[in-house]
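Right, one structure below, let's go through it.
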Amino acid sequence: MAGTSQVSGLASGINWKTILEQLRQVENSKVTLIQNREKVYQDRLAAWQGINTKLLALKTAAGTLNKSSQFNLFKTSLSSNTLTAADEILTATASSDAAPGTYQVQVLSLARAQKLSSTGYASQTVALNLSGDLIIGGKTVKITPSDTLKGIRDKINNANTGSTPSKVTASIVNYGTEGYRLILTSEQEGAAGISLLNGGSADLVGGMGFADGAPKTAKNSYPGGQESDSFAAADKAIGGADLLNLTSAQSGSVSLTIHGATRTVAVDLAADSLNTIRDSINAAFGTPVASVLNKTDERGKTSYRLLIEGQTISYEDSNNILETLGILRRAGFSDERGMTGDVANRSAGAAITGSTLIKDIDGYNDYSSGDTITLGGKSTGGADVNSVFTITDSTTVDDLLAAISAQYGNVTASVTSDGRIRVVDNVLGDTNLAVTLTPSKTTLQFDADHDLGALGTLRARQIQAGADAEISVDGVTVRPPSNTVSGVIPGLTLNLKEADEDATVTLRVERDSGGLKEKIQNWVKAYNDVIEAFNAQLKYNSETKQPGGPLFGDSSLRMLKSKLTHTILNRVSGTDPNYSTLGLIGIKIGTDGKLTVNEEALGENLETRFGDVQKLFAATWTSTDSSLTYVYHSSDTQEGTYALNLTGTNPVAGYFVNPGDATGTGETLRGISGDAKGLMVRYSGAATGLVGSLTLNYGVAELLDRSLYSITDAIDGLIANKQKSLQNQTKRMDEDIKRLQDRIDRKMQILEDQFIRMESVLSTLQSQSNWLASQISSLK
């Protein structure tokens, strides 16, 4: 029976499967009708999406012409008076703040970045047993006794990351027998060099050999005073987690002498902020000699510095407190000088170290307790040295080094990585230092002739000194701190490439009419692309009686085309009547609504009537008072004339149209309601009442940009609402199709079940009939 139910008409002879398929086709015609309607909506949605893309491109193009500053497009040209090409000496780029002009520029010297070297270490992977904080480029690097040279390198490089990098990189160079040295390189050029400070009582800067023993100097010295480094806050503890986050913030008394008056000031970096230190200094002197300065950069980030005023200032620094603040720094970078023995001693085949027993030095086979080494020569102070050093079974190389350091004045004795005795003269300037080491046994040697040699340079602390560039502009010498020079000529950035005192580069700055014409042509093309898309949808083929696209007859599309066309044809207020429409500068509109450009006429107008073309496109302003200037306006601000009614200055307070429609901060007044909403002006005068008025006029590009904002806004724009409506309709149709298909499936299933039961019943009846017939036949 199961098999019978699966075969259409086996018992009945009726092909009911085909009947069901035909019934399904009839029912599905209702689905097809909905799907066809859905396809219409989907085509409309795709059409609106395509038009929106072109409108956004037009808005972008309009956004390149709707501000006055965007018309300040300049080009530069360079020529040299020598065979050296000008662009090999420098290149120049102009911003919107530039102005036409010609300049004679000489590159006398390039800026250089400082590069420092540490002392040599025998290994880069052995713990150095150093402890303390280094402040590099304003970032704290914490050094622990277990840190190796590689570990310190990595910590320094990790500080050169994030939003406030140190701008100093660290690397290690293996100098062979001179050992491994840590190299610090500034990423910034300039004479200021690397900002490298001790962040605690330990002198890591000097101890690692980056600086010599010269007295500290003022780090940020200016006429009339000296400043600390900059900090992110003036009311936070200097050594706390919010600022330097020092391992052990120091405290103590520092001495300041200003114009001969000396005062002692107690400072605790764990608790004191810049404000606290300022107040302590002023209290000590009984008069305001210290203040906290603040500066806000172009990103809106504010930094703070402590200023100590005075023409002559000196300090005594306790626990490197003033150094941590960046008021003082170690800035002596003289070459390390000294002498080195010419015998590289070994013990058991390896270079000797400080812990090597002297009796175990290879070749010293006739050692006996009581052997001696005579120390001779002169100390750094010029005194004769004549001392006997006795060797016993427990005497190490370190013991000998300690004796040398004790006998020869301000020196540091060490053993090199290849086993040679080295004596470093720590005294700045020339001394009479001379070192002879004469063992009592000839089998022990530290130098072939026992004289460690003449005093000479062992290492350059400063591999490269930081230096400012030096250039001459129209005969005036300036020294910018970088090879990328901004601000010397307003609006120009010079990239210095090669110094050549004999070459004079003539730098010309001109308005880039060609570039500006190209921007306008790009805007015209974007506009024509939109009109072409509109026309493709709205056209009608009378022969085929077919519409151009799925949006044919759409009133919203016609309204958009009319709105854009009206904006383009509109006469711009605040302009010369002879230059108040696009057609008057060479941009005509055709019968198809598309624009054409007369390049010759447009180019001539840009050359001769630049200001009028600028007003025709961009938002421009005028003011009745030189103290009243425009700052900004938003999409909510309406064009027109706004009177400035002030009720106070410092900070500015008042209104534009009605009291309460604006709020003031500093010298600026910002509209918060009405037509002036979003308008920001600056008033630098001192008068109150009606101090003047500012007129804001909108050109074609600004008007078009504003119109397109309300059309293309992704949240509330006209096209966004159109798309949402079509998407909702197609979603409802999808739901209708699913419900209808489910209903058809259920109906077909019911009919199929009924046919199957019919086949089953007929099959049973046929079986019974056949049995009965067989019984009757058997009775005959």
Excluding ligands and nucleic acids, what accessible area in Å² is computed for residue 709 using a 1.4 Å probe, to the nearest 10? 110
Would you mind working out the magnitude of the charge dipole of the stretch 600-648 relative to its Cα centre, with +1 at each Lys and Arg C-beta and -1 at each Asp and Glu C-beta, to the nearest 20 Debye? 180
Enter the accessible area of residue 552 (Å², nearest 10), with the probe set to 1.4 Å and all protein chains included. 80
Per residue solvent-accessible surface (Å²) - the chain, probe of 1.4 Å: 49
Of the heavy-atom accessible surface of the chain (probe 1.4 angstrom), what whole percent is carbon and sulfur? 48
Please quote Rg/Rh for the stretch 282-329 to two decimal places, taking the Kirkwood radius as Rh and restricting both calculations to Cα atoms. 1.05
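Please work out how much length the chain gains when fully extended from residue 164 to residue 570, using 0.36 nm per residue of separation minus the C-alpha to C-alpha distance, in nm with one decimal. The partial results should precede the final answer.
Values: separation 406, 0.36 × 406 = 146.16 nm, distance 4.99 nm.
Fully extending the segment from residue 164 to residue 570 adds 141.2 nm.
Return the FRET efficiency for the residue pair residue 174, residue 287: r is the Cβ-Cβ distance, R0 is 60 Å, and the value is rounded to the nearest 0.05. Please report the intermediate quantities before stating the final value.
Values: r = 56 Å, r/R0 = 0.93.
After rounding to 0.05, the efficiency reads 0.60.
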Distance from the stretch 126-157 to the stretch 525-556 (C-alpha centre basis), Å: 71
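In deg cm²/dmol, rounded to 500, what helix-only [θ] at 222 nm does the chain give when every DSSP H run of at least 4 residues adds -39500 (n - 2.57) and the total is split over its residues? Kindly include the intermediate steps, with their values, before the conclusion.
Numbers: 14 runs with 231 residues, N = 780.
The helix contribution divided over the chain gives -10000 deg cm²/dmol.
What is the extension gain from residue 647 to residue 79, computed as 0.36 nm multiplied by their sequence separation minus the C-alpha to C-alpha distance, in nm to one decimal? Working shown, then result.
Working: separation 568, 0.36 × 568 = 204.48 nm, distance 5.55 nm.
Stretched out fully, the residue 647 to residue 79 stretch lengthens by 198.9 nm.
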Would you mind computing, in nm to one decimal, how far apart the modelled labels at residue 335 and residue 262 are, each placed 7 Å from Cα along Cα→Cβ? 3.7
For residue 607 and residue 69, what is the calculated FRET efficiency with R₀ set at 22 Å and r taken between the beta-carbons, to the nearest 0.05? 0.65
Against the longest alpha carbon principal axis of the chain, how many degrees, from 0 to 90 and to the nearest 10, is the axis of helix 149-158 turned? 40
Among (1) 91, 86, 56; (2) 106, 58, 54; (3) 146, 108, 63, the entry matching Cα extents along the principal axes in Å as calculated here is (3)
Measuring from its Cα centre, the stretch 479-546 shows a charge dipole (+1 at each Lys and Arg Cβ, -1 at each Asp and Glu Cβ) which, in debye to the nearest 20, is 420
What number, in percent, do you get for the relative contact order of the chain if the mean sequence gap of Cα pairs under 8 Å and at least 6 apart is divided by its residue count? 18
Grab the stretch 80-220 and count how many Lys pairs have their alpha-carbon atoms under 15 Å apart, sequence gap of 8 or more, or different chains. 6
For residue 271 and residue 369 in one chain, what is 0.36 nm times their gap in residues minus the Cα-Cα distance, to one decimal in nm? 29.5 nm
When the charge dipole of the chain is computed with +1 at the Cβ of Lys and Arg and -1 at the Cβ of Asp and Glu, the Cα pointing farthest to the positive end, of 266, 487, 676, is that of 676
Taking the simple approach of a point 7 Å from Cα along Cα-to-Cβ for both residue 731 and residue 362, what is their distance in nm? 8.5
Farthest toward positive dipole pole in the chain [+1 Lys/Arg, -1 Asp/Glu at C-beta], among 662, 55, 217: 55
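With +1 on each Lys and Arg Cβ and -1 on each Asp and Glu Cβ, and nothing else charged, work out how big the dipole of the chain is about its Cα centre, in Debye to the nearest 20.
Details: 71 positive and 84 negative charges, 871 e Å.
Using only the charged Cβ atoms, the result is roughly 4180 debye.
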Just going by the charge dipole of the chain, with Lys and Arg at +1 and Asp and Glu at -1 on Cβ, which of 36, 370, 641 is farthest out on the positive end? 36
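The values are calculated or read from the model by the stated rules, or taken from the named source; none is laboratory data. On a predicted model such as this, the values are computed, not experimentally measured, just so you know. Neighbour counts are summed over all protein chains in view; Cβ atoms, including those assigned to glycine, are modelled from backbone coordinates with ideal geometry. Heavy atoms of the whole protein, side chains included, go into the accessibility calculation; ligands, DNA and RNA do not. Shrake-Rupley method; radii C 1.70, N 1.55, O 1.52, S 1.80 Å.
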